[in-house]
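Undergrad: Before anything else, here's the structure in question.
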Amino acid sequence: MAETTVEFALNNLTEQLRDNIDVIAVIKDEVTCLLSELNHLRAFLIEANRNRRGSEILKHFVQELNRAINKAENLIDNFMIEAKLHKKRGIYKIFDLCYLVKGKRCCSEIRSIMEKLKEIRRDSTYALSMSLQFDDSKSKQTAHQLKRAPIVEEDEIVGFDEEADEIINRLLGGSDDVEFIPIVGMPGLGKTTLANKVFKSSTVGYTFDNRIWVYVSQSYTRRDLFLNIINQFTRNTEQYRYVTEEALAEVIREHLLPGKYLIVLDDVWTWEPLDDVKIALPNKMRGSKVLFTTRDDKLGKFCCNEPHHLKFLTDNECWELLQKKVFHKDKCPADLEELGERIAKKCMGLPLAALVIAGALTGRSKTKSEWEIVHQYVSEHIISSDIMMTKKLVQMSCDSLSVNLKACFLYCGAFPKGSEIPAWKIVRLWIAEGFIRETMQSTVEIVAEGYLNELVSKSLLMVAQRTSNGQIKTFRVHDMLHEFCTLEASEENLFKEIKLGVEQSFPRNQVLATFRRLSIDSSVQEFISTNPYGDSIRSFLCFSSRNIVMSPYELETIPKSFPLLRVLDIESILFELETIPKSPLQKQFFQLYHLRYLAISSDSLKILPKFMEDLWNLQTLIISTQQETLNIEADICNMPQLRHLHTNASAKLCPPVLKTRNHTLQTLSIIEPETFTENVLFARCENLKKLGIRGDMAKLVGLFELEYLEKLKLMNLASGGLHLRSENLFPRRLKQLTLSGTWFDWNEIRRVVGYLELLEVFKVKENAFTGHYWELNDYVFPCLKVLWIERSELVYWKASDENFPSLERLILRNLNKLGEIPINFANIRHLKMMELVNTTKSTVKSAQNIESRSVCTGFKLTIFPPDTISDCN
């Protein structure tokens, strides 16, 4: 991926010129010439990437280029810091002669690097070895095309119906003692897919009071296993961070004791997790089951005389799966059927192979010539059904991606194997890494979301969870594809995985100097203690699977070790910062001037100091603290690149000294309502799209003037009802609104949200509305797709299908007084899902009546707990 280095260098230097033209005038001409030379190299390198694997000459060529370009970037990034600090000296900068000397030296070194690049480009040996004939059209996909890429539904499963029924029967039968049921099969055969189909089965949901899914993997620890199980109950394991394993097991026993449970352990490699889970199981089993997936047949037989061996797909099933993934609901053209069937036979019955091939076909035009290329490639590389076969197929699919899209895919391998990756987090990281370019039609966020959808449609990523309105919430990378990503990324120097291996040693500083991004696991503390240094490192990602607590002095090591960082994600580490007065984050930490993404976690962080404004490149700031409030002394509107601010504490923003406007800020979550009493923030953050507020809403003003706001979440902590100060509290462009604890009356709903004609998602939680009666009369929610009502005293609900013409999902939770759901909801054409959790028996019965009369094909009703259903029958 040599062209990736050039592509991202081009992006970075272009941004430097655009955003800092006033401070880099000294080296402007040299940087402009360097940009021109990189543009010449870019087209040449696109084809180099496809051919270099078979050429040692080209590998050497790529290494030389990487070294030269990285040196240029380091040089310019270092000088950029000098230029910014020089500007801050004000009138005293005229005496800073040292700055002029550094500027001349920088110009000289840039010219030297350009000569090296020209020498490489002039060398005809490389050009002759390439046999250049290329088409760069693939890299010019627009954000519009990516956004419209078909979204493949993860539940399109072929060939597993009989096997799923067989496993479900085993789960429902057997003795009252707990039974371990293994699903055994080779990688890529679909063990996880089958287990997930069983797990989500309505029959299983009705039978088991508690269903728990835990991903185990090779990097297993007992503590992680227990915490993951507890997370299924509480969704918050922070309180158990320092609890012993024995106490964790007792917590699990208490949760599981009342009813019948199913635990699914995915990707088990040894017998230890099976033995450990037994420790946490209650003595009274009541026919509970543990279902687990494994590659090891011996392990399966260790727990069960008859493990379920997953069969290979038939050729017809492979062809059916290929068609579903490539054409979705459309029919395969007749002239492609015979060729498609031949390709399907090459899958050797492996579902993953079929998915990867489908991804490669999706990226090509639907013509015989294009499909013949795929068939030829598959025929050359598939000679057996081993792991290397699928890796070859992944390589084929990966090579069809544009430069930036391929980088985004490989970057997912920086996360731990088997982890669920939040969609919003990966989008922020891709942007900060420079993988995403803004277009005339779309913001970088929209382009990045399009990339994510594209990778899902090519079956390179698997959706794990969706949001209430159907967007991707979290996703996973298949283990085999994850291995491919880490190996390929290391070879391409996209990122380097750092962990203690057989040699029990970390890379020396001389080796670190060759890397650009580091991904490190639980051995981060040991790594930091070696005092590493690398001014070429641009990203430091830590995704620890165990609890790590570090001191503020260890935190100080990071900016010293990697002074030119752009991405710093250390949220998985808990920093003990209470020992330092006032601001525990020292000024040196805020001298990471190139930082674009910062995620950090602390036990006692209460203040973000004024120094934070010095992070003039920061785009995303994520703060996790165990304190209730966070005082941000910096003026965030004075940070020109800041786009997203996320905190779990209620943040209090400082009153502005200047009236600077921030045109880039899109997300503020969570902040105190008092922030808006100044009546200033909304005017300075006019492009805000997502806002979360928690506190006393009686002090809230000015929301209506946020005219571009699309998502709003209000969590009122004050007692008593919230009285609107005007008829128009909320901005008219809102698409998603969540209210909690606002204590409006149901009769006020028209006045509260009646003018929000674009509202698509409405969540009413924790007595957001009170009273026993809700009648809509002739009011219509024209665009509402998702309605969520949770913890309300509602008893009578009078409405019709005409009130909700666009409704697709209805979620009712903890409504212990509601009599029934309006029967006319059966006539809503788009209502395809209804979920009831802890509702009355009469509500369940009305939902079942709606299900039997629904005009929507594929209507799905989910009810919990399952015993409510049996009581209603």
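The values are calculated or read from the model by the stated rules, or taken from the named source; none is laboratory data. Source: prediction; values computed, not measured. Backbone-built Cβ (ideal geometry, glycine too); neighbour counts: all protein chains shown.
Undergrad: Against the condition surrounded by 18 or more Cβ atoms within 10 Å (Cβ to Cβ), small (Gly, Ala, Ser) and over 23 Å from Ser419 (Cα atoms), how does Gly205 come out, does it pass?
TA: Taking the combined requirement at face value, the residue satisfies it.
Undergrad: If a residue counts only when it is closer than 19 Å to Glu835 by Cβ, which strands (runs of 3 or more DSSP E) contained entirely in segment 730-791 have at least 3 such residues?
TA: Filter on segment 730-791 gives 736-740, 761-765, 786-790.
Undergrad: Can you pull out every residue in segment 517-534 that is closer than 20 Å to Ala414 by Cα, in contact with an Asp or Glu (Cβ under 9 Å, 6 or more places away or on another chain) and modelled with pLDDT of 85 or more?
TA: Correct list: Arg517, Leu518, Ser519, Ile520, Gln525, Ile528.
Undergrad: Of the residues that sit in segment 806-825 and are surrounded by fewer than 19 Cβ atoms within 10 Å (Cβ to Cβ) and among the aliphatic types (A, V, I, L, M), which one is nearest to Thr857 (Cα to Cα)?
TA: Only one residue tops the list, namely Ile823.
Undergrad: Taking the options Glu766, Glu775, name whichever one is among the acidic types (Asp, Glu), out of contact with any Ser or Thr (no Cβ under 7 Å at 6 or more places or on another chain) and in contact (Cβ under 8 Å) with a residue 24 or more places away in the chain.
TA: None of the other options fit; the residue is Glu775.
Undergrad: Scan segment 244-253 and tell me whether some residue there is in a loop (DSSP other than H, G, I, E, B) and either touching a Leu at 6+ places or on another chain (Cβ under 7 Å) or touching a residue at least 60 places away in the same chain (Cβ under 8 Å) (or both).
TA: Among the residues of segment 244-253, not one is in a loop (DSSP other than H, G, I, E, B) and either touching a Leu at 6+ places or on another chain (Cβ under 7 Å) or touching a residue at least 60 places away in the same chain (Cβ under 8 Å) (or both), which makes the answer no.
Undergrad: While we're on this one: Do the conditions hold for Glu576, that is, is it surrounded by fewer than 22 Cβ atoms within 10 Å (Cβ to Cβ), over 22 Å from Ile436 (Cβ atoms) and modelled with pLDDT under 95?
TA: Yes, satisfied.
Undergrad: May I ask you to verify whether Ser369 is among the polar types (S, T, N, Q), at pLDDT 85 or above and either in a helix (DSSP H, G or I) or out of contact with any helix residue (DSSP H, G or I) (no Cβ under 7 Å at 6 or more places or on another chain) (or both)?
TA: yes
Undergrad: Follow-up. Just one of Glu306, Glu317, Glu338 is assigned to a helix (DSSP H, G or I), surrounded by fewer than 16 Cβ atoms within 10 Å (Cβ to Cβ) and among the acidic types (Asp, Glu); which is it?
TA: Every option except Glu338 fails the conditions.
Undergrad: Let me ask another. Go through segment 361-374 residue by residue and tally those that are closer than 17 Å to Glu320 by Cα and either over 32 Å from the mean Cα position of the chain (by Cα) or in contact (Cβ under 8 Å) with a residue 60 or more places away in the chain (or both).
TA: 2
Undergrad: Regarding Leu481, is this residue in contact (Cβ under 8 Å) with a residue 24 or more places away in the chain and buried (at least 21 other Cβ atoms within 10 Å of the Cβ)?
TA: yes
Undergrad: I'd like to check something: does segment 259-266 contain any residue that is farther than 25 Å from Asp161 by Cβ, surrounded by fewer than 21 Cβ atoms within 10 Å (Cβ to Cβ) and either free of Cβ contacts under 8 Å to residues at least 40 places away in the same chain or not assigned by TED's automatic domain parsing to the domain that holds His478 (or both)?
TA: Scanning segment 259-266, I find at least one residue that is farther than 25 Å from Asp161 by Cβ, surrounded by fewer than 21 Cβ atoms within 10 Å (Cβ to Cβ) and either free of Cβ contacts under 8 Å to residues at least 40 places away in the same chain or not assigned by TED's automatic domain parsing to the domain that holds His478 (or both), so the answer is yes.
Undergrad: Yes or no: Leu518 hydrophobic (A, V, I, L, M, F, W, C), under 30 Å from Asn78 (Cβ atoms) and part of a loop (DSSP other than H, G, I, E, B)?
TA: no
Quick grid of which residues meet (1) at pLDDT 95 or above; (2) outside any helix (DSSP H, G or I); (3) among the polar types (S, T, N, Q):
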{"residue": "Ala407", "(1), (2), (3)": "no, no, no"}
{"residue": "Lys417", "(1), (2), (3)": "no, yes, no"}
{"residue": "Trp430", "(1), (2), (3)": "yes, no, no"}
{"residue": "Phe435", "(1), (2), (3)": "no, yes, no"}
{"residue": "Met440", "(1), (2), (3)": "no, yes, no"}
{"residue": "Gly450", "(1), (2), (3)": "no, no, no"}
{"residue": "Leu455", "(1), (2), (3)": "no, no, no"}
{"residue": "Leu460", "(1), (2), (3)": "no, yes, no"}
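Undergrad: Still on this model: Kindly list the number of the only condition in (1) on the phi < 0 side of the Ramachandran plot; (2) surrounded by fewer than 19 Cβ atoms within 10 Å (Cβ to Cβ) that fails for Gly287.
TA: (1)
Undergrad: Which of (1) part of a strand (DSSP E or B); (2) surrounded by fewer than 17 Cβ atoms within 10 Å (Cβ to Cβ) is the odd one out, the single condition Pro656 does not satisfy?
TA: The one condition Pro656 does not meet is (1).
Undergrad: Still on this structure, please answer the following. Would a scan of segment 614-626 turn up a residue that is at pLDDT below 85, in contact with a strand residue (DSSP E or B) (Cβ under 6 Å, 6 or more places away or on another chain) and either among the polar types (S, T, N, Q) or more than 29 Å from Thr443 (Cα to Cα) (or both)?
TA: no
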